[in-house]
Structures are given as structure tokens and as C-alpha cells.
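Notes follow once the structure below has been shown.
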Amino acid sequence: MSNGNQITQTVRNMVGWGRTVIASVDAHHEPVSTALDGQSNLSAAEWDKWLRGLRNALAHATDDLLTKAGVLARERGDDIALREARDQAQGKAFGEVVRTRGLLDAIDSSQSRRYGLEGSTPETADDLVIFGNNAIAGLRGADETLEGMGVSVQTGVLADELEPAIAELASRIEDLRREEKEADAALVARDRAIAHWRKTYRSVANMLVGAFEMAGENELAERVRPTVRRTAGVENPPAADEPVDNPEPVEA
């Protein structure tokens, strides 16, 4: 698996193998079609159309896979940025709650309890929002001036000062939740694209293997043969001019 906003190595390998097969058809469809002229009662032109049709089907599936994988990678990248923003907002809100409680306690230790700020300040973002909003409602509802120990504070002002940090944290939480839903949807779409690519790649490549072998192009057939590891995306594709050695078991 990849980290953050990277496309997985498995998908990159699949795209590489798809492009290997596509490049093989692009480079060799004309001589192969000529060699197959008359085979299965098809002319060279008909063979060429068939080969290019297979090529286009695989190209579409490969492009779609890359697109869907890119969308998922970007969604996951956004998720990282939003988590960082949420964490920063949480730290700020935590600090504002502690500051507000400190001002109340400086007047009288009972004031924190009165306005719902007694006990430990919540460590989780969702709980901190609930805790903060409860205090804001209490402070604003009281709307009074508190005095003691040489300190004078207006509860409405305390509510106004605390509210922006709590509101920002709540907004960041919602942003992250929305992004997580979008990332989940992108993952489903990417996985469906993988399934479609594997089916298309396996079918197209197997048909090309047969056509290349009929044309006497056994080396080309080995280059595009859809092995288990290639179809699964666990084998790195070769460079364009690198021969494929030691062919592996073929998927049915």
C-alpha cells in the first residue's frame, strides 16, 4: 500500500502492463495482420481492425484505472491536510477552554462548575466541541458581570471569545468527515476499476497471445502473456525494450 496521496505500486504495475500490451499492438498490428491474412476467413484489414479494437478496449480500461486511482490518491492527500487542520483547531479550542476556565476560577472556583467547565477538559475533538458549546450557552445565557480577587469579567464576552475557536473546530470536524466519505466513495470506484481492468487485461492479452502465435510471433506472445503476477499487479512491468524471461503460469 502507498502512503498519503500516492497511487499504489500495485496499480502502477497494472497500468504498466496495460501499456506494455497496448504498445505491442501499436508497434506490430500491421505486420501481424499481414501474416494472418486469410486465417479464420479474415482479411488482413479485418485482422487489423480486430487487433486495434482489442487495443482500444484495454486502453480505455487502463486509462480509467489510472484516473480512478488518481482521484483516490488526491482524496487521501486532502484527508491528511484536513486532519492536520482539525488537530490545529483542536489545540486552539483546548487552549481557549482552559483560558476561560482559568478566568472564572480566578474569581471563584465554583464558577467553572456553574458554567459547565468543571473537571478535565475533553481530549477528543467531538467531546471538546460539545463541552465548549455547553459552556458558551451557559455563559451567554447568564449575561452577567463577575467580580472577585481583583478580576472583573462579563460572561457574554467570555462566550464571544470562546465561540470562534469552538466553531472552527466543529467546522474542521465536518470537513474531515465529508472528505472521509468522498475518499470511501473513491476507494469503491477505484476497486471497481481494478476489477474491470483485470478482466479486460486478461481477456485482451490472452486473445493477443493466440493471434501473435498464429502469426509466428512467439516472442511477442510472451511479452503480452497475462500471468498471475502481472494480472495481480505484483510484478513490475519491463522496460519497452526489455525481453520477458521465464514466463509464469497463465491465468485462465
Q. On the given criteria, is Trp50 over 30 Å from Gln154 (Cα atoms), surrounded by 14 or more Cβ atoms within 10 Å (Cβ to Cβ), of a type in the set (Phe, Trp, Tyr) and out of contact with any helix residue (DSSP H, G or I) (no Cβ under 6 Å at 6 or more places or on another chain)?
A. yes
(Q) What are the pairs with Cβ atoms under 7 angstrom where one residue, in the range 87-98, is within 9 Å of Ala125 (Cβ to Cβ) and the other, located anywhere, is open to solvent by 50 Å² or more (accessible area, probe 1.4 Å) and not small (Gly, Ala, Ser)? Sequence gap at least six, or different chains. (A) Ala89/Glu168; Ala89/Arg172
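Residues checked against (1) open to solvent by 80 Å² or more (accessible area, probe 1.4 Å); (2) of a type in the set (D, E, K, R); (3) closer than 22 Å to Gly91 by Cα; (4) under 43 Å from the mean Cα position of the chain (by Cα):
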residue	(1), (2), (3), (4)
Glu123	yes, yes, yes, yes
Asp126	no, yes, yes, yes
Gly132	no, no, yes, yes
Ala135	no, no, yes, yes
Gly148	no, no, no, no
Ala159	no, no, yes, yes
Leu162	no, no, yes, yes
Ala170	no, no, yes, yes
Q. When you scan the range 62-91, how many residues do you find that are over 11 Å from the mean Cα position of the chain (by Cα), at pLDDT 90 or above and either open to solvent by 30 Å² or more (accessible area, probe 1.4 Å) or more than 18 Å from Leu187 (Cβ to Cβ) (or both)?
A. 15
Q: Please enumerate the residues belonging to the range 210-226 that are crowded, with 20+ Cβ neighbours inside 10 Å and of a type outside the set (D, E, K, R).
A: Ala211, Phe212, Ala215, Leu220, Ala221, Val224, Pro226
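The values are calculated or read from the model by the stated rules, or taken from the named source; none is laboratory data. These numbers come from a predicted model, not from an experiment. Neighbour counts are summed over all protein chains in view; Cβ atoms, including those assigned to glycine, are modelled from backbone coordinates with ideal geometry. Heads up: the accessible areas ignore ligands, DNA and RNA and are worked out on the full protein's heavy atoms, side chains in. Shrake-Rupley method; radii C 1.70, N 1.55, O 1.52, S 1.80 Å.
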